[in-house]
Amino acid sequence: AQSVTQLGSHVSVSEGALVLLRCNYSSSVPPYLFWYVQYPNQGLQLLLKYTSAATLVKGINGFEAEFKKSETSFHLTKPSAHMSDAAEYFCAVTLAGNQGGKLIFGQGTELSVKP
Amino acid sequence: GAGVSQSPSNKVTEKGKDVELRCDPISGHTALYWYRQSLGQGLEFLIYFQGNSAPDKSGLPSDRFSAERTGGSVSTLTIQRTQQEDSAVYLCASSSRTSGERDTQYFGPGTRLTVL
């Protein structure tokens with residue numbers, strides 16, 4: 001069975017500082033991995049995805065993530081935080097080629113950005 | 001349409017009443033998913049449709065929950081005899097299931113259900 005663990009339910013950074021949100025996964029077969037962002041009272045917006053191509057994935061809004069099989073990790077980073085990045089971030093996994101493609105989500109990390 | 005739409009955006013109901021939540025996926029998307037987001041349980045998968053069929057219903061929490069999809073488009077999630085623990089945000093997502101995009105799910109804004 002697959003699972004996702006996000007370390008830290010809440011992360012606070014200063015504007016301009018590095019953002020690092022951690023995600024570790026468990027999967028017995030090659031996974032597809034996703035990061036979604038959720039702003040208050042809105043649905044989920046896809047930031048980026050890994051589907052077995054390049055291990056360094058670039059997404060929207062300056063975010064990127066690196067798939068590290070040896071560490072079973074898919075951490076999300078952004079070099080310089082903006083106030084507008086304050087939101088909740090979810091890491092998710094699904095099985096590569098899974099007929100259903102249902103997503104298994106981590107518990108989420110709330111990012112706060114201080115001026 | 002431009003994105004996944006859901007209605008109503010908010011629903012307040014009394015314990016024991018039935019509710020229907022609607023999802024209108026992106027035009028042409030054959031796959032449709034329902035998820036539930038609650039404080040205690042996080043984001044949980046409920047059901048998956050491919051066309052009008054539901055090959056994976058494994059996430060439905062009880063037989064009070066059911067869903068259907070008609071015409072390969074609109075889906076309705078029905079909760080009968082609502083309970084307070086059903087209070088949550090219900091999210092719908094769709095995906096094209098075509099090569100290159102088959103694993104990307106696009107989410108609607110959700111329906112916030114409150115059971116009093």
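Coordinate-derived values only; no laboratory data. Keep in mind that what you see is a predicted model, and the values were worked out from it rather than measured. Every residue, glycine among them, receives a Cβ derived from its backbone with ideal geometry; neighbour counts consider all protein chains shown.
Roughly how far apart, in whole Å, are the Cα centres of the stretch A:63-89 and the stretch B:3-66? The two parts, judged by their Cα centres, are 28 Å apart. Using a Gaussian network model of chain A in which every pair of alpha carbons under 10 angstrom is joined by a spring, one finds that among A:Pro79, A:Pro31, A:Pro40 the greatest mean-square fluctuation is at A:Pro40. Basic side chains Lys and Arg get +1 at the Cβ, acidic Asp and Glu get -1 at the Cβ, and with that the dipole of the protein assembly as shown about its Cα centre reaches some 140 debye. Using a Gaussian network model of chain A in which every pair of alpha carbons under 10 angstrom is joined by a spring, one finds that among A:Ala17, A:Ala87, A:Ala53 the greatest mean-square fluctuation is at A:Ala53. In this structure, the residue pairs whose Cα-Cα separation is over 27 Å, taken from B:Lys17/B:Lys57; B:Lys15/B:Lys57; A:Lys68/B:Lys57; A:Lys68/A:Lys102; A:Lys78/A:Lys114, are A:Lys68/B:Lys57. When chain B is treated as a GNM with alpha-carbon contacts under 10 Å, the residue of B:Arg81, B:Arg22, B:Arg69 showing the greatest mean-square fluctuation is B:Arg81. Taken over chain A, the convex hull of the Cα atoms encloses 97 Å³ per residue. Taking every C-alpha pair closer than 8 Å and separated by at least 6 residues, the mean separation divided by the residue count of the stretch B:1-81 gives a relative contact order of 30 percent.
Listed from fewest to most Cβ neighbours within 10 Å, the set A:Val93, B:Val19 follows the order B:Val19, A:Val93. Exposure proxy shown here: for B:Ser38, A:Ser70, A:Ser80, the number of other Cβ atoms within 10 Å sets the order, fewest to most, as A:Ser70, A:Ser80, B:Ser38.
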